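These notes concern the structure reproduced below.
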Amino acid sequence: MQMTLTINGESHSVEAPAASLLVEVLRDQLGLTGTHIGCDTSQCGACNVLVDGAAVKACTMLAAQAHGSSVTTIEGIGSEAALHPMQAAFRDAHGLQCGFCTPGMVMAGLEIVRKHGTKLTPELVTHELEGNLCRCTGYINIVKAIVAGAAAMETAHA
Amino acid sequence: MRDFALHRPASVSAATAAFAGTDGEAAYLAGGHTLIPAMKSRLRMPDALVDLTGLGLSGISRDGDRLWIGATTRHADVATGATAIPGLACLAAGIGDAQVRNRGTLGGSLANNDPAADYPAAALALDAVIETDRGSHTADDFFQGMFTTALAESEIITRVGFAIPQQSSYAKFRHPASRYAMVGVYVARHAGGWRVAVTGAGPGVFRWTDAEAALNAGTDTAGLVLAADDLNSDIHASAEYRAHLCGVMLKQALATLA
Ligand SMILES: Cc1cc2nc3c(=O)[nH]c(=O)nc-3n(C[C@H](O)[C@H](O)[C@H](O)COP(=O)(O)OP(=O)(O)OC[C@H]3O[C@@H](n4cnc5c(N)ncnc54)[C@H](O)[C@@H]3O)c2cc1C
Ligand code: FES
Ligand code: FES
């Protein structure tokens, strides 16, 4: 079926089976492979993207459910040359090891800022990260990165 | 996932017509956070999905002594918007995780009636009226055991009216991996008396009538024990452990009434 999605600010007309998941269209049809598939069972959050600003698991949403919506993936928030403050914070705080969970963690960080603003506590971030799994870091540095990234977003906008 | 036809109706009547017109099995789609996982594992293989999110059934409004919540209202919006019933807002804020709450809906949770889901406990304790495209059900009649409700095949939940209690609270002991309730207890004090609903412990949500009677009589609930005979026993918890947790969750809920 035909669907129209705005992805990272650009309108895309996509022809895909109704059963296509959003993560499949992003990765396989549009080549946006920054959104990862960790579990494919709604547990890990590696597939997190923002749909109309809110974080969702792209493995548990049909692409057709995003028809007419605006989708932001990890590719849309920064570039290698100009990292988003949240991405830079992950690098600075050693918030990643293998990096597989990182795109989803960064998007989850942006969701936390959307809901709670830029002044975050480690307790709040830990609670809000319930839907994201990391098999490497032990989370401590991820939480530090999100707290620091949020604070840096405040400065970036000031 | 096997492919299917997807319908996006703009009215309730168009939705039921699309359901009825399906050659084979049709299913309604709301947040998809139960249905899509079930379709991925081929527990469900519908020929057509009828999306309910374009029907204008989202929103929260108060009418007298009831709080009405549209069927397609997302858990995240109930968490922030159901301020008239803090216990209900708090329950919604504890469903799954942030991303699940951004997609899952009230109507989908009630229609599915998972024995470990949270909303059924609130609906039962808050004496909810579940309105549909063809009438209404009281919560007492709606839940009929594991994954079974009073809904007819193509019936659509449109909105749910929760009685606004004097005080209420929900306490849940989460399964640490799935975040569903191993046991969840919703207590509500209404002008007409207490209602106590238990989810996760048995094959379906149920009212704990002994606890209600004790609260109504003003006697101590500390020694109340729920018989383990009818409770679930599985790799996660024995029936005896679940019975014990019911008492602990009741105590926690009573300590956090708001
Ligand atoms: C990782 C994860 C964790 C979760 N944790 C919890 C938890 O802790 N507690 C909890 O309670 N739930 C939990 N859930 C379930 C979640 O709340 C679901 O969103 C919810 O149970 C179903 O709502 P939905 O809108 O997603 O429904 P869908 O998946 O779209 O539909 C579910 C069923 O209801 C039917 N249906 C949907 N809307 C209507 C309607 N208006 N009228 C009639 N039939 C309808 C559909 O046909 C389908 O059969 C979790 C889910 C996931 C993926
Ligand atoms: S891949 Fe989507 S939650 Fe794990
Ligand atoms: S850094 Fe390897 S999974 Fe998180």
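We did not get these values from a lab; they are worked out from the coordinates using the rules stated. Predicted model only: the values in this text are computed from it and were never measured. Positions of Cβ are backbone-derived with ideal geometry, glycine not excepted, and every protein chain shown enters the neighbour counts.
Short version: what are the Cα gyration tensor semi-axes of chain A, square root of 5 times each eigenvalue, largest first, in whole Å?
Calculated on Cα positions only, the semi-axes equal 26, 16, 13 Å.
Suppose a student asked you for the relative contact order of chain A, using Cα pairs under 8 Å spaced at least 6 residues apart; what percent would you report?
Value for chain A: 24 percent.
Looking at region B:76-134, which trypsin sites (Lys or Arg not before Pro) are DSSP coil and have at most 16 other C-beta atoms within 10 Å of their C-beta?
Loop-located and lightly packed - B:134.
Students often get this wrong, so check it: of A:144/B:40; A:119/B:251; A:115/B:172; A:115/B:251; A:144/B:251; A:119/B:40, which have C-alpha atoms separated by over 29 Å?
A:144/B:40; A:119/B:251; A:115/B:251; A:144/B:251; A:119/B:40
With a ≥ b ≥ c the root eigenvalues of the C-alpha gyration tensor of region B:20-177, is it rounded (a/c under 1.5), prolate (a/b larger than b/c) or oblate?
Prolate, since a/c reaches 1.5 and a/b exceeds b/c.
Per residue of chain A, what 222 nm ellipticity follows from adding -39500 (n - 2.57) for every DSSP H run with n ≥ 4, rounded to the nearest 500?
The per-residue figure over chain A is -9500 deg cm²/dmol.
Relative contact order for region A:85-157: what percent, with Cα pairs under 8 Å and sequence separation of 6 or more?
Across region A:85-157, relative contact order equals 56 percent.
Does anyone have the angle between helix A:102-116 and the longest principal axis of chain A? Alpha-carbon axes, 0 to 90°, nearest 10?
Its long axis makes an angle of about 80 degrees.
If R₀ is 35 angstrom, what is the calculated FRET efficiency for the pair residue A:82 and residue B:93, using the beta carbon separation as r and rounding to 0.05?
Between residue A:82 and residue B:93 the formula returns 0.50.
Stokes-Einstein at 10 °C, 1.306 mPa s, Kirkwood radius from Cα pairs: D for region B:108-228 in µm² s⁻¹?
108
Contact order normalised by length for region B:167-257, with contacts defined as Cα pairs under 8 Å and 6 or more residues apart; what percent is it?
30
How would you rank B:216-223, A:17-24, highest first, on the average number of other Cβ atoms within 10 Å across their residues?
Top of the packing list down: A:17-24, B:216-223.
Which distance in nm do the two modelled labels at residue A:151 and residue B:65 give, with both placed 7 Å along the Cα-to-Cβ direction?
Going by the 7 Å Cα→Cβ label model, 5.2 nm.
Over what distance in Å are the Cα centres of region A:10-56 and region B:119-180 separated?
Rounded to whole Å, the Cα centres lie 32 Å apart.
Residue B:220 to residue B:41: FRET efficiency via 1/(1 + (r/R0)^6), r the Cβ-Cβ distance, R0 56 Å, to the nearest 0.05?
0.75
Mind checking A:60-69 for the average number of partner chain beta-carbons within 10 Å of each residue's beta-carbon?
5
For the protein assembly as shown, just say rounded, prolate or oblate: build the C-alpha gyration tensor, square-root its eigenvalues into a ≥ b ≥ c, call rounded for a/c under 1.5, and beyond that prolate if a/b exceeds b/c, oblate if not.
Cα axes put the protein assembly as shown in the oblate bin.
Starting from the Cα-Cα distance between residue B:229 and residue B:146, subtract it from 0.36 nm times their residue separation and give me the gain in nm to one decimal.
So the chain would gain 28.2 nm between residue B:229 and residue B:146.
Ranked from highest to lowest mean number of other Cβ atoms within 10 Å per residue, what is the order of the peptides A:51-63, B:2-14?
A:51-63, B:2-14
Calculate the mean, over all residues of peptide B:110-116, of how many other protein chain Cβ atoms lie within 10 angstrom of the residue's Cβ.
Shielding by partners across B:110-116 averages 0.
Once the Cα gyration tensor of region B:5-51 is found, what semi-axes does its equivalent ellipsoid get, as square roots of 5 times the eigenvalues, in whole Å, sorted largest first?
19, 12, 6
Starting from the 7 Å offset along Cα-to-Cβ, what nm value, one decimal, do you get for the label separation of residue A:8 and residue B:13?
4.6
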